[in-house]
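Below is one structure, written out as structure tokens, with a few remarks after it.
The values are calculated or read from the model by the stated rules, or taken from the named source; none is laboratory data. Computed from a predicted model, the values in this text were never measured in an experiment. Cβ placement follows ideal geometry from the backbone for every residue including glycine, while neighbour counts extend to all protein chains displayed. When the accessible area is computed, the model is the full protein with side chains, heavy atoms only, and any ligands, DNA or RNA have been set aside. Shrake-Rupley method; radii C 1.70, N 1.55, O 1.52, S 1.80 Å.
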Amino acid sequence: MRLLVYGTGVAAQAVIRTAVARGHDVVVADDAPRPDDLEPDALALLETLGLDVVVAPDAQTIAALVGGVDVVVPSPGVPEQHTVIAAALDAGVALRTEIDLGYEWEQQRPEGARPMLAITGTDGKTTVTTLVTAMLVASGRRAIACGNTDVPLVSALDHEVDVFVVECASFRLRWLSGFRPDVATWLNLADDHLDWHGSTEAYAAAKARIWEYQRPTDVALAAIDDPTVMKWAKRATARLVTFGPGGDYDERNGALTAPMGPFFDIDRLSRRMPHDRTNALAAAATALESGAATVDGVRTALADFRGIAHRISLVAEAGGVGYYDDSKATTPHAATTAIRGFDHVVLIAGGRNKDLDLRRLAEEPSRMRAVVAIGEAADEVSVAFRGICPVEPAGSMDEAVAVARRHARAGDVVLLSPACTSFDWYRGYAERGDDFARAVRAQLGLVASA
């Protein structure tokens, strides 16, 4: 098989490395203006493998590259509207993603394919993926979280594991042609990545492909209180299981409850916001319905779980004010979920918008003490809260924290929940969250300012 891998990010590098190791021919192209503009690790990999990279190809060059391969593998960052996508569709050349290739290659494993559990959704994917993995490990299984994580699925294939827990972003789902998880969980849907997909309908259709190749013996796990998710769930061929209010997995009498009965007291959760409880239900359902987890393993993981970094993570408390890092919230839906967890909020929001309607941030006006608008989308954030609460712009994270502290009162929280990506000021949401934590600790006198 001859592959054109378009892009050279983490997922693309994993595909290149694995494909070459499996004896496939690989052609590499990237939109970067020059080879020197690629990341050093990408250049090092290409040099090690003896591969050249075609940079900044025009439409004619892309068409020629596509015409000479069997499969086009676009990186997650390559949008649906990209020239290479159009060229592949026009030429009838298959488009594949790294989870699709990973699934196919796993089916060729001499010892037999290992089960895969898949999780998608606008928000909560990483939390639920992490929880499911912990539940499996606590049940005595060797499990790995992969896909839309630091470990692409194709890289995870070489690990000694019993179960793959695959976090599936819409980018990876869009071009599937065979990926069939034993349990496929769709958590929720809200506007996101419209700059990539072009429309909410296209985004939802990409998410729904997580169920496309399942069989009646598999499980499609759906959020019963999300109308869009349930609309697509009714088309699934797999056995449908639901979670949420009135679902197969629900909350009853202060406990998380499964079809076989209650399995965990809600008061024992370290975090009990509405979305925390929903994530716990979804994770437990995914793990238990797979048959790979025990009830005791699920309980152990829930009791030990303390959340993930940059998702409503407490940084510090001082003067009756809590400071929370929710930098991973890159959509209005995610930010609003965080806001609803508190009575009174001084919100730090903004960054680079993904063509989303930031007015949704103002859906909880009674909770808003003030807003600090940052980054490229600062003006849009300001418009969203006009007439609702005080709004001030800030030109740096240090300034944002200082302004937020001035507005906060005892009993409030200062919440970094940007509803936007970080790529105007930072290289990623983790770097943004770390900078917020640094600024908070420095201004509270908890550490020396760096």
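A few remarks follow.
- Of the residues making up segment 53-65, not a single one is aliphatic (A, V, I, L, M), open to solvent by less than 10 Å² (accessible area, probe 1.4 Å) and under 21 Å from Leu173 (Cα atoms).
- Which numbered condition Trp175 misses (of (1) under 15 Å from the mean Cα position of the chain (by Cα); (2) under 20 Å from Ala233 (Cα atoms)): (1)
- Elements of type strands (runs of 3 or more DSSP E) in segment 71-165, at least 1 residues being among the β-branched types (Val, Ile, Thr) and open to solvent by less than 10 Å² (accessible area, probe 1.4 Å): 71-74, 116-120
- Test: residue in segment 296-317 that is more than 27 Å from Ala145 (Cβ to Cβ), in contact (Cβ under 8 Å) with a residue 12 or more places away in the chain and touching a helix residue (DSSP H, G or I) at 6+ places or on another chain (Cβ under 9 Å): yes
- Only a single criterion out of (1) free of Cβ contacts under 8 Å to residues at least 60 places away in the same chain; (2) touching a helix residue (DSSP H, G or I) at 6+ places or on another chain (Cβ under 7 Å) is not satisfied by Ala56, namely (2).
- Hits in segment 244-253 - residues which are at positive phi and crowded, with 18+ Cβ neighbours inside 10 Å: Gly244
- Count of residues meeting criterion [open to solvent by less than 60 Å² (accessible area, probe 1.4 Å) and either of a type in the set (Asp, Glu) or not in a helix (DSSP H, G or I) (or both)] in segment 272-289: 3
- Meets criteria (assigned to a helix (DSSP H, G or I) and of a type in the set (A, V, I, L, M)) for Ala206: yes
- Search result, residues across segment 227-243 that are open to solvent by less than 30 Å² (accessible area, probe 1.4 Å) and of a type in the set (Phe, Trp, Tyr): Phe243
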